[in-house]
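Colleague: Provided herewith is a single structure, encoded as structure tokens, for subsequent inquiry.
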């Protein structure tokens with residue numbers, strides 16, 4: 001579904017991502033881990049389109065992504081949850097999630113401005129989708145609250161709902177657990193497992209190694225911009241290069 | 001008493017003009033972070049185009065509506081020139097809008113000449129609380145009020161308005177959910193064009209406009225918009241009214257030449273007083 005080939009990106013002569021190749025299959029929950037500065041965020045920015053690659057290609061569902069601007073990638077079915085993509089201030093929770101459904105809207109600006117009947121139907125449809133997405137992340141009761149009044153854990157869930165409202169084929173989660181408290185992490189982890197169980201293809205980039213080990217079907221380990229291991233959690237855990245490169249204690253702790 | 005009332009009412013109508021132009025600044029700035037200095041130019045276009053359409057004996061009502069739509073179109077053309085290239089920094093875009101407004105002055109002189117022009121408006125006057133007030137001024141106040149309500153509905157209630165607000169509040173996240181922020185910017189410029197055009201169309205009959213009217217109009221509108229922190233449409237309306245009424249009072253009691261000075265002083269005071277909140281808004 002998502003296939004990355006020999007992708008490179010450098011900043012001022014230093015490679016942040018170097019010759020990275022990755023394949024994510026339909027229905028897979030792919031974890032990507034690595035120490036600070038391993039290139040995880042750069043990789044995510046390359047997939048979302050906020051950074052252009054120096055070399056290499058990204059294929060998604062048969063389309064080449066590199067030349068497609070970010071907002072059109074969303075329309076292809078890629079949804080992203082990451083720290084930088086905060087909620088829209090001054091809007092309610094439900095409105096935030098409705099905006100997330102932009103990628104599936106059809107009618108143009110003109111129809112929207114004139115509130116033509118087709119557009120009204122579409123707006124109704126979007127509202128229903130947003131309500132369903134909120135129910136899926138368990139926030140139905142919060143729909144009419146101002147989005148920025150929610151605690152961080154809930155805001156993260158709203159971001160997930162916002163991503164889901166666009167009916168994505170691929171969900172990219174960039175450090176979704178960062179800044180969350182333990183209980184919030186557990187809830188989020190359950191939510192991700194549930195979405196994966198429903199057949200969603202997910203890429204999870206996370207600092208929390210234990211969380212990725214628990215959830216992912218396959219894990220790629222990045223170090224200094226390169227993939228040093230790629231396999232099932234068990235394979236990665238026992239990989240000597242991974243242990244040497246950075247994990248060591250953390251992996252064995254996640255194991256126990 | 002009579003004089004005071006007249007000053008206040010004419011201040012309201014002038015304030016409404018500033019507020020219309022100011023909300024053009026606000027709409028564009030909210031969505032694109034560009035200060036669009038063609039805002040006064042668009043008002044001049046509106047007034048002059050309505051004059052020409054009327055002189056082609058297109059009936060009242062239709063001519064004015066057409067003029068507003070055409071200025072919306074001109075706003076869209078300005079948008080293509082200003083922010084058509086993705087990633088144009090707002091400061092560069094601001095300079096482009098300044099260039100466009102200078103270029104437009106040339107167009108005005110070429111097509112309409114240099115003499116001030118007043119399209120025919122609603123004739124007559126209505127006696128209100130013992131003061132006789134031109135009907136066109138009352139119309140201006142009424143139409144402006146309707147425009148602001150429509151604008152409020154557009155941003156508050158429609159899906160497209162939400163998308164524009166989203167693009168303004170967090171461009172990165174907006175792109176990630178599939179909002180084309182450049183397209184939202186184009187729409188903002190078109191709306192600003194119509195707001196500016198409307199201001200020109202309704203006020204030109206009682207306040208003749210010429211090629212050089214763009215700067216005073218833009219300044220008044222900008223002062224109103226700054227009052228609203230370049231982001232709040234409602235405070236912009238308040239700012240426009242304060243500016244309009246105080247300007248008329250100054251002109252009435254101290255002489256007309258102080259009017260612009262009053263506007264500039266208010267602009268300075270507001271900018272200094274709001275300096276903190278303005279820069280805080282930018283930092284977010």
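Colleague: Determine, yes or no, whether residue B:142 is free of Cβ contacts under 8 Å to residues at least 24 places away in the same chain and within 14 Å of chain A (Cβ to nearest Cβ).
Modeller: The answer is no for residue B:142.
Colleague: Moving on. Considering only the stretch B:213-233, I want to know if a residue exists there that is within 14 Å of chain A (Cβ to nearest Cβ), assigned to a helix (DSSP H, G or I), surrounded by fewer than 24 Cβ atoms within 10 Å (Cβ to Cβ) and touching a residue at least 40 places away in the same chain (Cβ under 8 Å).
Modeller: yes
Colleague: Inside the stretch B:112-128, can you point out the residues that are surrounded by 15 or more Cβ atoms within 10 Å (Cβ to Cβ) and not in a loop (DSSP other than H, G, I, E, B)?
Modeller: B:112, B:117
Colleague: If I ask for residues that are loosely packed, with under 15 Cβ neighbours inside 10 Å and assigned to a loop (DSSP other than H, G, I, E, B), which ones from the stretch A:1-40 would you list?
Modeller: Selection gives A:12, A:13, A:25, A:26, A:27, A:36, A:37.
Colleague: Going by what's in this entry, would residue B:103 be described as within 20 Å of residue B:43 (Cβ to Cβ), out of contact with any helix residue (DSSP H, G or I) (no Cβ under 6 Å at 6 or more places or on another chain) and within 14 Å of chain A (Cβ to nearest Cβ)?
Modeller: When the stated conditions are applied, residue B:103 does not pass them.
Colleague: I would also like to ask the following. Among the residues of the stretch B:269-278, is there at least one that is under 24 Å from residue B:101 (Cα atoms) and at pLDDT below 85?
Modeller: Scanning the stretch B:269-278 turns up at least one residue that is under 24 Å from residue B:101 (Cα atoms) and at pLDDT below 85.
Colleague: Kindly check whether there is at least one residue in the stretch B:168-182 that is assigned to a helix (DSSP H, G or I), within 14 Å of chain A (Cβ to nearest Cβ) and within 21 Å of the chain's Cα centre (by Cα).
Modeller: yes
Colleague: Sticking with this one: Can you confirm whether the stretch A:141-152 contains a residue that is buried (at least 24 other Cβ atoms within 10 Å of the Cβ), farther than 30 Å from residue A:241 by Cα and modelled with pLDDT under 90?
Modeller: no
Colleague: Just give me the residues in the stretch A:138-175 being within 14 Å of chain B (Cβ to nearest Cβ), touching a helix residue (DSSP H, G or I) at 6+ places or on another chain (Cβ under 8 Å) and in a helix (DSSP H, G or I), in sequence order.
Modeller: Hits for the stretch A:138-175 are A:147, A:148, A:155, A:156, A:158, A:160, A:161, A:162, A:163, A:164, A:165.
Colleague: Now, a different point. Output the number of the condition that residue A:61 fails; it satisfies all remaining conditions of (1) in contact with a helix residue (DSSP H, G or I) (Cβ under 8 Å, 6 or more places away or on another chain); (2) within 12 Å of another protein chain (Cβ to nearest Cβ).
Modeller: (2)
Colleague: Over 23 Å from residue B:232 (Cβ atoms) and surrounded by fewer than 24 Cβ atoms within 10 Å (Cβ to Cβ) - does that describe any residue in the stretch B:36-51?
Modeller: yes
Colleague: Same structure, new question: If residue B:206 passes every condition in (1) more than 20 Å from residue A:96 (Cα to Cα); (2) more than 9 Å from chain A (Cβ to nearest Cβ); (3) part of a helix (DSSP H, G or I) but one, which one does it miss?
Modeller: (3)
Colleague: Among the listed residues B:109, B:77, which satisfies the condition of being surrounded by fewer than 18 Cβ atoms within 10 Å (Cβ to Cβ) and under 21 Å from the mean Cα position of the chain (by Cα)?
Modeller: Exactly one residue qualifies, and that residue is B:77.
Colleague: Then there's this: Would you check if there is a residue in the stretch B:122-133 being away from chain A (no Cβ under 14 Å) and farther than 28 Å from residue B:3 by Cβ?
Modeller: Checked the stretch B:122-133: no residue is away from chain A (no Cβ under 14 Å) and farther than 28 Å from residue B:3 by Cβ.
Colleague: Moving on to the next point. Select from the stretch A:194-213 the residues that are part of a helix (DSSP H, G or I) and free of Cβ contacts under 8 Å to residues at least 24 places away in the same chain and write down the one among them that is surrounded by the most Cβ atoms within 10 Å (Cβ to Cβ).
Modeller: Among those that are part of a helix (DSSP H, G or I) and free of Cβ contacts under 8 Å to residues at least 24 places away in the same chain, it is A:194.
Colleague: Shifting gears a bit: If a residue has to be within 21 Å of residue B:96 (Cβ to Cβ) and at pLDDT 90 or above to count, how many in the stretch B:189-216 make the cut?
Modeller: Within the stretch B:189-216, residues that are within 21 Å of residue B:96 (Cβ to Cβ) and at pLDDT 90 or above number 9.
Colleague: With the structure loaded, tell me whether residue B:156 is free of Cβ contacts under 8 Å to residues at least 40 places away in the same chain and either under 23 Å from residue A:146 (Cβ atoms) or outside any helix (DSSP H, G or I) (or both) or whether it fails that test.
Modeller: Considered against the rule, which asks whether it is free of Cβ contacts under 8 Å to residues at least 40 places away in the same chain and either under 23 Å from residue A:146 (Cβ atoms) or outside any helix (DSSP H, G or I) (or both), residue B:156 comes out as yes.
Colleague: Can you tell me which residue among A:221, A:236 is under 22 Å from the mean Cα position of the chain (by Cα), farther than 30 Å from residue A:136 by Cα and assigned to a helix (DSSP H, G or I)?
Modeller: A:236
The values are calculated or read from the model by the stated rules, or taken from the named source; none is laboratory data. Quantities reported herein were computed from a predicted structural model and do not represent experimental measurements. When we count neighbours, we look across all protein chains shown, and the Cβ atoms used for this are built from the backbone with ideal geometry, even at glycine.
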